[in-house]
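Contents: one structure, followed by commentary.
Derivation of every value follows stated rules applied to the coordinates shown; laboratory data play no part. Note that the coordinates shown come from a computational prediction; the quantities given were computed from them, not determined experimentally. Virtual Cβ from ideal backbone geometry, glycine too; neighbours counted across all protein chains shown.
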Amino acid sequence: MSLITDVHADTVVAHADRGIDADSDVAPPIHQTAPFRAMSDDEFALMSNTPRHNRNYTRDGNPTFSRVEAVLAALEGAEAALLTASGMGAISTTVLTLVGSGDHVIAQRTHYMGTAQLLATILPRFGVDVTLVDQTSPQAFADAVTVKTKLILVETPANPLLTITDLAAVAELARSRRILTLCDSTIATPVNQLPLSLGIDLVVHSATKFLGGHHDLMAGVVLGSREIIERVWHTAVALGPVPDPFAAWLLLRGLRTLPLRVERQNRTALEVARFLEGHPAVSRVHYPGLASHAQHELARRQMGGGFGGLMSFEVGTGSRGAHAVVGAMRLVSRAVSFGGFESLATLPGAMWSGSVGASKAAEAGITEGLVRLSIGLEHPSDLIADLDNALQAASPGASR
Ligand SMILES: *Cc1c(COP(=O)(O)O)cnc(C)c1O
């Protein structure tokens with residue numbers, strides 16, 4: 001797809017879209033148009049009848065999308081990519097392309113909430129059976145396979161405890177049974193993890209997070225073989241999860257700095273995680289880069305470049321302490337999402353209790369004292385000072 005091969009990710013994001021669109025602009029133009037003009041009847045017929053034509057109607061494609069797709073495909077090592085309006089647009093459109101009535105899907109007990117909803121309420125309505133398994137056990141995936149299994153859906157690391165799925169093991173067992181595999185790699189980014197290189201068939205990202213990186217756009221992407229991505233495109237034309245050209249252009253701009261940002265976020269996150277692990281008010285830190293993470297060795301093997309900018313930690317004094325910490329931080333806002341320039345925090349206990357119920361949340365290890373922290377691009381010393389200060393508010397002896 002791209003003219004640029006055998007270069008580092010930093011170079012890929014600068015040049016992989018060159019030549020995709022016939023122009024001489026150094027900074028790419030934005031094609032903010034719904035239809036494109038045909039110069040002859042023959043050209044009109046060709047535009048209408050060519051799959052993924054990027055100058056016919058923007059629901060089918062757009063040159064700005066093609067540039068973003070070229071960069072993402074080159075980064076991920078994929079033959080093809082399809083840009084969508086959101087991460088959920090990519091996941092739902094892909095899953096609905098690959099399975100139908102009578103098929104069986106294996107997925108994880110822990111998934112992003114929108115994915116969990118697709119699996120729990122939408123697929124069953126279309127006659128698709130779903131089995132949810134413990135993602136830490138490759139054997140659990142193997143045991144769940146039936147003759148009807150069409151797809152294994154994984155997400156690693158998974159929110160909010162940064163649980164890891166062994167991608168090579170799942171890919172191997174799926175390939176031996178001719179089952180397709182789809183990995184949501186949003187939290188890792190292609191800088192830290194390349195599922196296709198481990199034998200996974202398809203990768204999806206919420207580009208709203210690290211790929212965009214500035215908390216200012218929503219987009220998603222699915223990547224894989226040209227053949228499957230074209231099938232997903234046919235579904236997308238019917239379902240309509242089309243990105244806006246401006247969001248695509250913002251994403252392209254964000255991607256230029258992806259490796260720089262993620263490398264910095266990897267380093268800051270590890271520093272912050274180590275600080276939190278040593279703090280008396282913190283009872284536990286969930287970060288795959290820490291030796292104390294139950295799957296640290298697997299994460300090291302699978303996440304070659306680093307462990308990402310997302311972590312969670314448990315405040316010893318429970319719900320009250322967690323609320324106190326988040327309320328006392330000055331640099332870190334209370335907000336959903338992650339992966340941008342600005343650090344953000346959420347309280348997964350409250351969010352999960354609201355959506356799946358308190359007992360299910362506790363069963364999944366989502367305690368009331370859990371704080372999820374998305375590391376931004378602030379200086380690590382400033383973030384650590386802010387956290388240190390905020391944690392005093394959560395200490396048992398703190399005056400209220
Ligand atoms: C945010 C997110 C999604 C959904 O992406 P949107 O862009 O919000 O639709 C899917 N998977 C993961 C892991 C996410 O964090």
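At-a-glance table
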quantity: Stokes-Einstein D in µm²/s, Kirkwood radius over Cα pairs - the chain at 37 °C with 0.692 mPa s viscosity; calculated: 150
quantity: Computed FRET value (nearest 0.05) for Leu46 with Asp143, which takes r as the C-beta separation and R₀ as 60 Å; calculated: 0.75
quantity: Relative contact order of the stretch 333-400, pairs being alpha-carbon contacts under 8 Å that are 6 or more residues apart, as %; calculated: 32
quantity: Evaluated at q = 0.10, 0.12, 0.15, 0.20 Å⁻¹: base-10 log I(q)/I(0), Debye formula over Cα of the stretch 5-161; calculated: -0.54, -0.73, -0.96, -1.19
quantity: Gained length - Asp382 relative to Asp25, 0.36 nm times residue gap less alpha-carbon distance; calculated: 124.6 nm
quantity: Asp216 paired with Val7, simple spin-label distance in nm, labels 7 Å along Cα-to-beta-carbon; calculated: 2.5
quantity: Cβ-defined net charge surrounding Phe313, 10 Å radius [Lys, Arg +1; Asp, Glu -1]; calculated: 0
quantity: Contour excess over end-to-end distance, with Cα ends at Met113 and Glu263 and 0.36 nm allotted per residue; calculated: 51.3 nm
quantity: Label-point gap, in nm, between Asp129 and Glu271 - each point 7 angstrom along Cα→Cβ; calculated: 5.2
quantity: Alpha-carbon gyration tensor eigenvalues x 5, square-rooted, for the stretch 258-394, Å; calculated: 22, 18, 14
quantity: Segments 109-121, 200-212, 253-265 sorted - mean Cβ within 10 Å per residue, highest first; calculated: 200-212, 253-265, 109-121
quantity: Summed side-chain charge close to Pro138 - residues other than Pro138 whose Cβ falls under 11 Å, Lys, Arg +1, Asp, Glu -1; calculated: -4
quantity: Set of the stretch 77-105 residues, backbone N closer than 16 Å to the point 7 Å along the Cα-Cβ line of Val336; calculated: 86-92
quantity: Under 5 Å, built H, 5+ apart or other chain: amide partners of Ser206; calculated: Thr186
quantity: Nearest-0.05 FRET efficiency for Ala38 and Ser292, computed from C-beta distance (R0 51 Å); calculated: 0.25
quantity: Three-way shape label, the stretch 117-193, alpha-carbon gyration tensor, a/c 1.5; calculated: oblate
quantity: Contact order relative to length of the stretch 182-292, as percent, for alpha carbon pairs under 8 angstrom and 6 or more apart; calculated: 21
quantity: Rounded to whole Hz, the Karplus (6.51, -1.76, 1.60) HN-Hα couplings of the stretch 242-254, x for glycine and proline; calculated: 8, x, 7, x, 5, 5, 4, 5, 4, 5, 4, 5, x
quantity: Proximal aspartates and glutamates to Lys360, defined as alpha-carbon separation beneath 20 angstrom and excluding residues fewer than eight positions away on the same chain; calculated: Asp134, Glu155, Glu314, Glu368
quantity: The chain - percent relative contact order, Cα under 8 Å, separation 6 or more; calculated: 15
